[in-house]
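Trainee: So that we are looking at the same thing, I have put the structure below in structure tokens.
Rule-based calculations on the coordinates, nothing more; no lab input. Just so it is clear, the structure is predicted and the values come from calculations on it, not from any experiment. Glycine gets a Cβ as well: all are built from the backbone with ideal geometry, and neighbour counts include every protein chain shown.
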Amino acid sequence: MSVGVLAHLLGRQPFRELAAKVAETECSYVQLALSKAISDVEFPLGALSPGLANEIGGAFARNKVGIAVLGCYASLIDLDDETYRYNVDRFKEHLRHARHFGAPIVATEVGVPREAELLPKHWERLNQAMDELVEEAERWGVTIGLEAAQGHLIDSSQTLAETIERFPSSCVGVVLDPCNLMNERNAERQEEVVREAFELLGPRIVSAHAKDYWRRAEDGKLIGTAAGLGELNYPLFWELLERHKPHGFVTLEGVEEEQLPEASRFVLDGRKAARARLLGIGSR
């Protein structure tokens, strides 16, 4: 069993120092958002090259830290033509160079729509973007990891499943964050929400995020916190994850640096316990 971390949670710094710092934790891989995590290299569109990617990936590899996912969180639904084109081209650039980083996945949330009446135009933008990105991902043998998030165009298991149905390529997968599926309206039935996510998306999960939430008593608003410190039913989540995707990537999110040892241990112990239960069931 292993656990990873969003690299920028350890602070934006030179990539060699960042790789060494991750190696000092219990995390064996990262999700790396280049501009958010690395301070000694600029990453404007067009800057990536096999040499640069290999240099950064090599620094992590020498520290025995994998790059599980490249994060390229840029809106794929922007209605401004110039911004939309830049974001799609930037994502394609990440797909082209991901293998040189040693990363099998490039991940994103798709973007926040402006207004309800513009939703059809935003969906049209997303479909256009995915047409290009799927072709690029298939060309380079890299997986696109789509993540649902509250407020985004894709904000639920259902909208994510519908999107994947439109693009059934094996190069399109799911980054599953159970907390991103929760809101004030459905948190009371979180077990149903989590089970539905695995029913709809289980075979397409390529990575998962681990954070937590608790509900504020006065208005029910969800407040983020580190994995294991909130109300998410993690025993259920670990059991379903290990059943569907044993030993898959799990990346810590929403955690302060000083919380990292405890959160890492929470994930590792929880996954090991779930795996043991599943093996025990299978042996009877």
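Trainee: State the volume of the convex hull built on the alpha-carbon positions of the range 84-228, expressed per residue in Å³ and rounded to an integer. List each step's numbers first, then the result.
Mentor: Working: hull volume 18.3 nm³, N = 145.
Cα convex hull per residue, to the nearest whole number: 126 Å³.
Trainee: Would you mind working out the magnitude of the charge dipole of the range 1-81 relative to its Cα centre, with +1 at each Lys and Arg C-beta and -1 at each Asp and Glu C-beta, to the nearest 20 Debye?
Mentor: Values: 6 positive and 9 negative charges, 86 e Å.
Dipole magnitude for the range 1-81 comes out near 420 debye.
Trainee: In addition: Rounded to the nearest 5, what % of DSSP beta bridges with both residues in the range 4-283 are antiparallel? Provide the component values of the computation, followed by the final result.
Mentor: Details: 4 of 30 bridges.
Rounded to the nearest five, the antiparallel share is 15 percent.
Trainee: Can you list the lysines whose alpha carbon is less than 23 Å from that of residue 121, not counting same-chain residues fewer than 8 positions off?
Mentor: Once the sequence-local lysines are set aside, what remains near residue 121 is 92.
Trainee: Still on this model: Select from 57, 73, 110 the residue farthest towards the positive end of the dipole of the chain; place +1 on Cβ of Lys and Arg, -1 on Cβ of Asp and Glu, and compute about the Cα centre.
Mentor: My answer, from the dipole projection, is 57.
Trainee: Looking at the chain as a GNM with Cα springs under 10 Å, which of 265, 243, 216 has the largest mean-square fluctuation?
Mentor: 216
Trainee: Given labels modelled 7 Å from the Cα in the Cβ direction, how far is it in nm from residue 116 to residue 217?
Mentor: 3.4
Trainee: Relative contact order for the range 4-283: what is it in percent, counting Cα pairs under 8 Å that are at least 6 residues apart?
Mentor: Working: 510 pairs, mean separation 41.0, N = 280.
Once divided by the residue count of the range 4-283, the mean separation gives 15 percent.
Trainee: A follow-up question, please. Provide, as a two-decimal number, the C-alpha radius of gyration of the range 76-137 over 2.2 N^0.38 Å, N being how many residues it has.
Mentor: On the way: Rg = 12.6 Å, N = 62, 2.2 N^0.38 = 10.6 Å.
After normalising by residue count via 2.2 N^0.38 Å, the value is 1.19.
Trainee: Same structure, new question: Would you mind ranking 119, 229 so that the residue whose beta carbon has the fewest other beta carbons within 10 Å leads the list? Can you show the working numbers first?
Mentor: Working: 119 13, 229 18.
With the fewest neighbours first, 119, 229 line up as 119, 229.
Trainee: Collect residues whose amide H, placed 1.01 Å from N in the peptide plane, falls under 5 Å from the amide H of residue 38; neighbours closer than 5 in sequence don't count.
Mentor: 13
Trainee: Report, in deg cm²/dmol and to the nearest 500, the calculated mean residue ellipticity at 222 nm for the chain, where each DSSP H run with n ≥ 4 adds -39500 (n - 2.57) and the sum is divided by the residue count. Write out the running numbers ahead of the final one.
Mentor: Numbers: 9 runs with 126 residues, N = 284.
The per-residue figure over the chain is -14500 deg cm²/dmol.
Trainee: With no solvent and one equal point scatterer placed on each C-alpha of the chain, evaluate the Debye formula and give log10 I(q)/I(0) for q = 0.07 Å⁻¹, two decimals.
Mentor: Rounded to two decimals, the profile gives -0.25.
Trainee: Between the alpha-carbon centers of the range 6-49 and the range 110-177, tell me the distance in whole angstrom.
Mentor: Going from one Cα centre to the other spans 25 Å.
Trainee: For the pair residue 82 and residue 265, how long in nm is the line joining their label points, each one 7 Å along Cα→Cβ?
Mentor: The answer from the label model is 5.3 nm.
Trainee: Viscosity 0.890 mPa s, temperature 25 °C: what is the translational diffusion coefficient of the range 1-140 from Stokes-Einstein with a Kirkwood Rh over Cα pairs, rounded to a whole number of µm²/s? List each step's numbers first, then the result.
Mentor: Details: Rh = 15.8 Å.
Diffusion coefficient, whole number: 155 µm²/s.
Trainee: Same structure again: Bin width 5 Å, origin at 0, all Cα-Cα pairs of the range 238-284: what percent of pairs per bin?
Mentor: Percent of pairs per bin, in order: 4, 21, 26, 21, 13, 8, 4, 2, 0.
Trainee: What's the magnitude of the charge dipole for the chain around its Cα centre, counting Lys and Arg as +1 and Asp and Glu as -1 at the beta-carbon? Answer in Debye, nearest 20.
Mentor: Numbers: 32 positive and 44 negative charges, 233 e Å.
Here the size comes out at about 1120 debye.
Trainee: Using the Cα centre of the range 197-276 as the reference point, and only Cβ charges (+1 on K/R, -1 on D/E), how large is the resulting charge dipole? Debye, rounded to the nearest 20. Walk me through the numbers on the way to the answer.
Mentor: Values: 11 positive and 13 negative charges, 86 e Å.
Using Cβ point charges on Lys, Arg, Asp and Glu, the range 197-276 gives about 420 debye.
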